[in-house]
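We did not get these values from a lab; they are worked out from the coordinates using the rules stated. Since this is a predicted model, take the numbers as computed values, not measurements. Neighbour counts are summed over all protein chains in view; Cβ atoms, including those assigned to glycine, are modelled from backbone coordinates with ideal geometry.
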Amino acid sequence: MKTIASFTVNHDLLQKGMYTSRIDGDAVTYDIRMKIPNGGDYLGDNEMHTIEHIFATYVRNTQYSDSIIYVGPMGCRTGFYFIVRDSITPELVIQLVRDSMAYIAAFEGKIPGAERIQCGNYLAQDLTGAKKVAADMCSVLSNWTVEQLKYAK
């Protein structure tokens, strides 16, 4: 079988940050890398689940909601995929992710969608852990530029 695009990225060179993973027509997939691949420190299932709930809810409640396709965790537990329409410029996507991480880092209250009738594993949440990861990403992405969206080779 043909190797998929994400498996062609040299994960030994990948650092925390944000990268353009692929472009398919008008859909742009961003790689939001929160942990260093194969570094021994991975996103916990519950904190990852909480980030997903808050991140997805936040971005779908912005002025860009019609251009948001998907927010979801990577199976390797090192980050998230964020898929948007190309109607949002890369500069705005970086800012939207920064704003999302700041929102998660400061989040207080009830986690969106974390009730039995709304989620298939609603008890699997870790707000404290999610806030810590998001705060770290705030510092990682604070000066991130469009030029940095390219994977290292």
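So what is the relative contact order of the chain, in percent, for Cα pairs below 8 Å that sit 6 or more residues apart?
Values: 240 pairs, mean separation 44.5, N = 153.
This gives 29 percent for the chain.
Quote to one decimal, in nm, the extra length available between SER6 and ASP99 on full extension: 0.36 nm per residue of separation minus the C-alpha distance between them. Mind showing how you got there, number by number?
Working: separation 93, 0.36 × 93 = 33.48 nm, distance 2.56 nm.
Computed gain between SER6 and ASP99 is 30.9 nm.
Can you list the aspartates and glutamates whose alpha carbon sits under 14 Å from that of LYS150, skipping same-chain ones fewer than 8 residues off?
List returned: ASP31, GLU91.
Would you mind working out the magnitude of the charge dipole of the chain relative to its Cα centre, with +1 at each Lys and Arg C-beta and -1 at each Asp and Glu C-beta, to the nearest 20 Debye?
Details: 15 positive and 17 negative charges, 42 e Å.
I would put it at about 200 debye.
For the chain, what mean projected area does the convex hull of the alpha carbons give, in nm²?
Over all viewing directions, the chain projects a mean Cα-hull area of 9.8 nm².
Using only DSSP helix segments of four residues or longer, with each worth -39500 (n - 2.57), what per-residue ellipticity at 222 nm results for the chain after dividing by its residue count and rounding to 500?
Value at 222 nm, helices only: -10000 deg cm²/dmol.
Per residue of region 28-40, in order, report the coupling 6.51 cos²θ - 1.76 cosθ + 1.60 (Karplus, θ = phi - 60°) as ³J(HN,Hα) in whole Hz, putting x for Gly and Pro.
10, 9, 9, 9, 9, 8, 9, 9, 6, x, 6, x, x
In the structure displayed, which of LYS2/LYS153; LYS2/LYS131; LYS110/LYS132 lie more than 27 Å apart, Cα to Cα?
Correct reply: LYS2/LYS131.
How about region 58-153: which GluC sites (Glu not before Pro) there lie in a loop by DSSP and see at most 13 other Cβ atoms within 10 Å? Each step should come with its number before you reach the end.
On the way: sites: GLU91, GLU108, GLU115, GLU147; in loops: GLU108, GLU115.
Those that pass, being in a loop and sparsely packed, are GLU108, GLU115.
Give me the number: length gained by fully extending ARG116 to THR89, i.e. 0.36 nm times residue separation minus the C-alpha to C-alpha distance, one decimal in nm.
Numbers: separation 27, 0.36 × 27 = 9.72 nm, distance 3.65 nm.
Full-extension gain reported as 6.1 nm.
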